[in-house]
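Student: Quick one: structure below, then a few questions.
The values are calculated or read from the model by the stated rules, or taken from the named source; none is laboratory data. Predicted model, so just to flag it, every value in this text is computed and none were measured. Note that each Cβ is placed from the backbone with ideal geometry, even for glycine, and that neighbours are counted across all protein chains shown.
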Amino acid sequence: MQEQNKQMEKIISLCKQRGFIYPGSEIYGGLQNSWDYGPLGVELKNNIKNLWWQRFVSSRDDIVGIDAALIMNPKVWEASGHISEFNDPLVECKKCHERFRADHLEKNKCLNCGGEITESKQFNMMFRTYLGPVDDGENQVYLRPETAQAIFVDFKNVLQTSRQTLPFGIAQMGKAFRNEITPGNFIFRTREFEQMEIEYFIKEEDWEKHFDKWAKEMHEWIQSVGIDKKKIHELDVPKDELAHYSKKTIDFEFDFPFGRDELYGLAYRTDFDLKNHEKNSGENTKYRDQESGEEFWPHVIEPSLGVDRTVLAVLCSAYHEEDDRVVLKLKPEIAPYKAAVFPLMRNKPELVELAQKIYKDLREKFVIAWDDRGNIGKRYYSQDQIGTPFCITIDFDSLDDDTVTVRDRDSMKQERISIAELEAYLRDKSQYLSTSIYVQTN
Ligand SMILES: [Zn+2]
């Protein structure tokens with residue numbers, strides 16, 4: 001465990017030093033496990049979201065997206081059961097007053113000082129705030145604790161405007177908020193986080209078939225985004241631990257450096273949500289079968305992914321220490337920079353001029369880094385650390401024969417490529433996705 005914690009510390013330190021992830025509000029001493037994505041982190045995170053949206057929404061006929069408001073009518077959370085059920089058992093140390101989740105304690109003793117603890121009481125994890133200038137109960141609202149409910153609430157509108165027929169899905173990504181008693185482990189458990197969720201609507205009798213299909217889709221996603229599949233384990237959540245809406249859930253767990261823990265969830269939510277929204281809103285939330293005319297609530301399979309946990313699992317999978325370098329072996333599709341361009345020497349204007357031209361041309365198509373500091377070895381070292389898949393060096397031969405050296409991050413092999421072919425080369429190697437596909441949320 002000591003060794004593994006050291007691994008985690010190294011990743012956190014790299015993230016901070018190279019601009020992936022910083023402690024939130026750091027100049028004020030931080031704020032209880034909140035984190036900010038820096039220039040490279042936001043590229044990595046957007047690339048992951050883009051890949052997900054492209055894979056599950058843009059390229060499929062049977063899934064459409066939405067982007068709903070973070071603050072919803074509080075009746076939504078009554079219908080969904082969050083107001084009555086979304087609780088954690090909270091205990092407090094009688095001596096040092098540290099608070100814990102009761103189910104996180106192995107013995108009934110304070111983890112901090114060994115003191116006696118109070119009886120556990122239910123603590124609702126939704127963040128409360130107020131709409132408008134008067135902060136009384138009437139105006140109390142919640143920051144959404146999951147993206148899923150907006151999909152159910154918008155179900156009828158989507159159905160009427162998208163002409164989907166069963167089976168079909170609605171996807172959403174965006175922020176959600178949970179007032180966790182004990183956040184921790186870097187970006188693993190934070191009170192503010194981003195989700196990528198799909199509610200896939202089906203006929204009740206088909207649920208097992210679709211559940212299995214989605215389990216397979218999730219394994220394929222895990223591989224496509226570059227998470228080490230050897231560290232993935234499926235956990236069939238025992239009946240007595242299932243969430244209040246679920247009949248079956250599989251947790252996809254990952255071997256993080258701090259231990260095995262939940263990465264993704266796949267849940268069979270039955271028709272719980274649509275049914276309750278009809279009951280609570282008085283609006284018909286049923287689906288009408290075009291052929292039979294029959295009306296019913298579709299059942300739902302929910303593949304639920306956390307963006308931040310994906311980032312963490314990707315970083316842990318990509319981080320490698322080799323003889324004389326640290327290298328992030330990120331998939332080229334999600335690497336913050338697709339390539340870095342260097343002039344061999346910074347004090348030779350003819351090299352710099354050609355290198356700048358190549359850099360500017362490529363930058364119109366890809367996110368590209370420029371580096372002219374120090375020697376080539378140092379620049380390789382620096383780009384390896386942030387996972388840049390290709391380094392392009394412009395040298396004196398380039399001036400004569402219009403070729404450049406392209407060095408591969410993983411094999412460290414170098415080859416000469418003609419300048420005219422660089423764009424196609426990068427496109428081919430990095431399976432570049434057009435950023436226009438990406439739908440910005442929040
Ligand atoms: Zn204590």
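Student: Got a sec? Which of GLU204, GLU194 is of a type in the set (D, E, K, R), under 27 Å from ASP255 (Cα atoms) and either touching a strand residue (DSSP E or B) at 6+ places or on another chain (Cβ under 6 Å) or assigned by TED's automatic domain parsing to the domain that holds THR270 (or both)? I'd like the intermediate steps shown before the answer.
Tutor: Working: GLU204 fails: under 27 Å from ASP255 (Cα atoms).
GLU194 is the lone residue from the list that is of a type in the set (D, E, K, R), under 27 Å from ASP255 (Cα atoms) and either touching a strand residue (DSSP E or B) at 6+ places or on another chain (Cβ under 6 Å) or assigned by TED's automatic domain parsing to the domain that holds THR270 (or both).
Student: Inspect all residues belonging to region 317-325 and state whether any of them is acidic (Asp, Glu) and surrounded by 20 or more Cβ atoms within 10 Å (Cβ to Cβ). Walk me through it before giving the result.
Tutor: Step one: filter region 317-325 for residues acidic (Asp, Glu), giving 321-324.
Okay, now just the ones that are also surrounded by 20 or more Cβ atoms within 10 Å (Cβ to Cβ), so none.
Scanning region 317-325, I find no residue that is acidic (Asp, Glu) and surrounded by 20 or more Cβ atoms within 10 Å (Cβ to Cβ), so the answer is no.
Student: Ok, one more. If I filter region 287-309 for residues that are more than 20 Å from GLU234 (Cα to Cα), surrounded by fewer than 18 Cβ atoms within 10 Å (Cβ to Cβ) and of a type in the set (Gly, Ala, Ser), do I get at least one hit?
Tutor: Yes: region 287-309 contains one or more residues that are more than 20 Å from GLU234 (Cα to Cα), surrounded by fewer than 18 Cβ atoms within 10 Å (Cβ to Cβ) and of a type in the set (Gly, Ala, Ser).
Student: Please determine, by comparing only the residues of region 180-234 that are small (Gly, Ala, Ser) and under 17 Å from the mean Cα position of the chain (by Cα), which one is surrounded by the fewest Cβ atoms within 10 Å (Cβ to Cβ).
Tutor: We begin by selecting, within region 180-234, every residue small (Gly, Ala, Ser); these are 184, 215, 224, 226.
Checking the rest, the ones that are also under 17 Å from the mean Cα position of the chain (by Cα) come to 184, 224, 226.
Numbers: GLY184: 11, SER224: 15, GLY226: 23.
Looking at the filtered set, the residue picked out is GLY184.
Student: For region 238-251, how many residues meet the condition of being under 22 Å from the mean Cα position of the chain (by Cα) and within 25 Å of GLU78 (Cβ to Cβ)? First the steps, then the outcome.
Tutor: Restricting attention to region 238-251, the residues satisfying the condition of being under 22 Å from the mean Cα position of the chain (by Cα) are 243, 249-251.
Checking the rest, the ones that are also within 25 Å of GLU78 (Cβ to Cβ) come to 243, 249.
Residues meeting the conditions: 2.
Student: Let me ask you something else. Residues in region 374-391 that are farther than 16 Å from PRO336 by Cβ and not in a helix (DSSP H, G or I): how many?
Tutor: Result for region 374-391: 2.
Student: While we're here: Kindly indicate whether LEU143 is among the aliphatic types (A, V, I, L, M) and either within 16 Å of the ligand (Cβ to nearest atom) or surrounded by fewer than 18 Cβ atoms within 10 Å (Cβ to Cβ) (or both). Before the answer, list the steps.
Tutor: Values: among the aliphatic types (A, V, I, L, M): yes; either within 16 Å of the ligand (Cβ to nearest atom) or surrounded by fewer than 18 Cβ atoms within 10 Å (Cβ to Cβ) (or both): no.
No; evaluated as a whole, the condition is false for this residue.
Student: If I go through region 10-60 residue by residue, how many of them are surrounded by 15 or more Cβ atoms within 10 Å (Cβ to Cβ) and either within 26 Å of GLN385 (Cα to Cα) or touching an Asp or Glu at 6+ places or on another chain (Cβ under 7 Å) (or both)? Walk me through it before giving the result.
Tutor: At the first step, the residues of region 10-60 found to be surrounded by 15 or more Cβ atoms within 10 Å (Cβ to Cβ) are 11-12, 14-16, 18-24, 33-35, 37-38, 40-58.
With either within 26 Å of GLN385 (Cα to Cα) or touching an Asp or Glu at 6+ places or on another chain (Cβ under 7 Å) (or both) added as a condition, the list becomes 11-12, 14-16, 18-24, 33-35, 37-38, 40-52.
Counting residues in region 10-60 that are surrounded by 15 or more Cβ atoms within 10 Å (Cβ to Cβ) and either within 26 Å of GLN385 (Cα to Cα) or touching an Asp or Glu at 6+ places or on another chain (Cβ under 7 Å) (or both) gives 30.
Student: If you check LEU274 against the conditions, is it assigned to a strand (DSSP E or B) and in the same structural domain as VAL153 (by TED's automatic domain parsing)?
Tutor: On the way: assigned to a strand (DSSP E or B): no; in the same structural domain as VAL153 (by TED's automatic domain parsing): yes.
Taking the combined requirement at face value, the residue does not satisfy it.
Student: Next question. Run LEU266 past the list (1) in a strand (DSSP E or B); (2) surrounded by fewer than 15 Cβ atoms within 10 Å (Cβ to Cβ) and report the number of the one that doesn't hold.
Tutor: If we test LEU266 against (1) in a strand (DSSP E or B); (2) surrounded by fewer than 15 Cβ atoms within 10 Å (Cβ to Cβ), just (2) comes out false.
Per-residue answers, yes or no, for (1) closer than 20 Å to GLU241 by Cβ; (2) touching a Lys or Arg at 6+ places or on another chain (Cβ under 6 Å); (3) in the same structural domain as PHE177 (by TED's automatic domain parsing):
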position: ASN87; (1), (2), (3): yes, no, no
position: CYS96; (1), (2), (3): no, no, no
position: LYS107; (1), (2), (3): no, no, no
position: CYS113; (1), (2), (3): no, yes, no
position: PHE127; (1), (2), (3): no, no, no
position: TYR130; (1), (2), (3): no, no, no
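Student: Within region 338-373, work out how many residues are in contact with a Lys or Arg (Cβ under 9 Å, 6 or more places away or on another chain) and assigned to a loop (DSSP other than H, G, I, E, B).
Tutor: Residues in region 338-373 being in contact with a Lys or Arg (Cβ under 9 Å, 6 or more places away or on another chain) and assigned to a loop (DSSP other than H, G, I, E, B): 8 in total.
Student: Only residues that are of a type in the set (A, V, I, L, M) and part of a loop (DSSP other than H, G, I, E, B): list them for region 198-247, please. Give the steps one after another, and end with the answer.
Tutor: The first filter runs over region 198-247 and keeps only residues of a type in the set (A, V, I, L, M), leaving 198, 202, 215, 218, 222, 225, 227, 232, 235, 237, 242-243.
Once the filter is applied, which keeps residues that are of a type in the set (A, V, I, L, M) and part of a loop (DSSP other than H, G, I, E, B), region 198-247 yields VAL225, ILE227, VAL237, LEU242, ALA243.
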